[in-house]
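Below is one structure, written out as structure tokens, with a few remarks after it.
Any read-out appearing in this document is the output of simple, stated calculations on the displayed coordinates, not a laboratory observation. Because the structure is predicted, anything quoted here is derived from the model rather than measured. A quick note on method: Cβ atoms are made from the backbone with ideal geometry, for glycine too, and the neighbour counts reach across all protein chains shown.
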Amino acid sequence: MSIFETEHTILITCAKAVEPFVAEELVQLGFDVTAERPAAVETTGTFTDCMLLNLHLRTAHRVLLEVAQFRADSPDALYSEVSRLPWEDVIPSDGYVSVVASARTEAVRDARFAGLRTKDAIVDRILKHKDRRPDSGPDRSRAVVSLYWHDDSVTLYLDTTGEPLSMRGYRKLPHRAPMRETLAAAAILGTQWEPGAHFVNPMCGSGTLAIEAALLATHTAPGLLRENFSFIHVCGYDAGEWSLMREDAIKRRTAPTGRIIATDIDPKAVAAARKNAEAAGMARAIEFDVCDFRRTTVPPATEGDCILLNPEYGERLGSERELEPIYTAIGDMFKQSCQGYTGAVFTGNMHLAKRIGLRTRRRIPLFNGRIECRLFVYDLYAGTRKVRS
């Protein structure tokens, strides 16, 4: 199992409906997309490529390097096949390994048992060759092995990410129901905003959208914000190579050329957003203000500008009617103050979205957890017409 020099299949997981954004990111990074699956995209590459992908991908969750495929029709067969692999060359004997299992097979009733047998095979193999076995458990902050068992087909991956890439490390004060960082990045990319142009984010909450826009505008690799990835805890990790990779990413950073403006009517939200922006190193790139969204400063339009809002969805009983005037006011603001911009609204409430009253250019399905949402994108040219919903 020579996984550190040769090319293997790389499976990149993501949220449902985000696959096209991950695929586009891969192409921009110089990788071929070999397949798209539900909530995942495949490419090929080396262990070093996985390090690079962890550093640069904005919309993905995890980067998994395939290490083996085989057939197994029972837990004993699974143990036997896993124990044939030279895990002593992958997992340090004085280290730690976590096994995450997904099983849809009649061979086992519970995926946890499949994970336990896989873990036993790994640590027993290492004990046999190194006279010492690594610790193991559920902690995904160190070495992680992922098992996918479907019918009698088994695929093993080395999870090079560990904690998902959405955990950038800058969210110090989450405030209320924050948007996941990778979802925010996908929503921004879905607007087709040009990162050198203005980006305006009323109702900014804890600032995730504005911070992700700032990372894009400054060409900052999101992985620079993290200190830990699972690939650091395996035998093939080269600290010098990772350091050079980071240094190259740091050299690519630039100052933003457009204004990034984030506002919220809640002073506590803006305080949290400022704190998070400081943790991300983006405080100087974002202009914060406390105000009603309708009073947000909207700079004169230049080519590629965007205004993006993520209003409440109205999940509580009776709150939908209370939010109808807000969505109507968003449409009015777009028409009156945002000519020349791309307008966008991310919401999980399709009925309320109709209150915006503008013709959409794009409607992009996205999921906020289990909630099916839409990113509604509008061209806000002068004289934008209100249409009937």
Worksheet, complete the sentence: Amide H contacts under 5 Å for Ala72, restricted to residues at least 5 apart in sequence or on another chain and with H modeled in the peptide plane, are Ser153, Val154
Fill in: Environment charge at Cys235 (Cβ cut-off 13 Å; Lys +1, Arg +1, Asp -1, Glu -1)
-3
Worksheet, complete the sentence: Contact order relative to length for the range 8-159, counting C-alpha pairs under 8 Å separated by 6 or more residues, stands in percent at 25
Worksheet item: Between Gln28 and Ala77, how many nm apart are label points set 7 Å from Cα along the C-beta direction?
Response: 4.4
Worksheet item: (1) 22.3, 69; (2) 23.2, 76; (3) 21.2, 63: which one is Rg and Dmax of the Cα atoms in Å as calculated from this entry?
Response: (2)
Item to complete: Please label the shape of the range 89-240 as rounded, prolate or oblate, based on the square roots a ≥ b ≥ c of the eigenvalues of the alpha-carbon gyration tensor (a/c under 1.5 means rounded; beyond that, a/b larger than b/c means prolate, else oblate).
Response: prolate
Worksheet item: Using θ = phi - 60° and the Karplus form 6.51 cos²θ - 1.76 cosθ + 1.60, what ³J(HN,Hα) does each residue of the range 69-80 get, whole Hz, x for Gly and Pro?
Response: 9, 7, 9, 8, 10, 7, x, 5, 5, 4, 4, 4
Discussion item. Suppose the chain between Arg104 and Lys130 were pulled fully straight at 0.36 nm per residue; how much longer would it get relative to their current alpha carbon spacing?
Written reply: 6.0 nm
Item to complete: Only Cα pairs under 8 Å and at least 6 apart count here; give the relative contact order of the chain as a rounded whole percent.
Response: 14
Worksheet item: In whole Hz, what ³J(HN,Hα) sequence does the range 51-57 give by Karplus (6.51, -1.76, 1.60; θ = phi - 60°), x for Gly and Pro?
Response: 4, 4, 5, 4, 6, 10, 5
Worksheet item: Check Arg259: other-chain or 5+ apart residues with amide H under 5 Å from its amide H, H built from backbone geometry?
Response: His198, Phe199
Worksheet item: What lysines could a cross-link reach from Lys128, if we take a straight Cα to Cα line under 20 Å and drop same-chain neighbours fewer than 8 places away?
Response: Lys119
Item to complete: Could you let me know the centre-to-centre spacing of the range 177-212 and the range 329-370, using Cα atoms, in angstrom?
Response: 14
Response to the item:
Computed over the chain: longest principal axis from alpha-carbon atoms vs helix 19-28 long axis, angle to nearest 10 degrees, is 80
Worksheet item: Taking the alpha-carbon centroid of each part, what is the distance from the range 247-269 to the range 133-161 in angstrom?
Response: 36
Fill in: Amide H within-cut-off set for Ala40, under 5 Å, with H built and near neighbours excluded
Cys14
Item to complete: With a ≥ b ≥ c taken as the square roots of the eigenvalues of the C-alpha gyration tensor of the range 302-345, please select rounded if a/c is under 1.5 and otherwise prolate if a/b is larger than b/c or oblate if it is not?
Response: oblate
Worksheet item: What's the center-to-center distance, using Cα atoms, between the range 41-76 and the range 275-321 in Å?
Response: 35
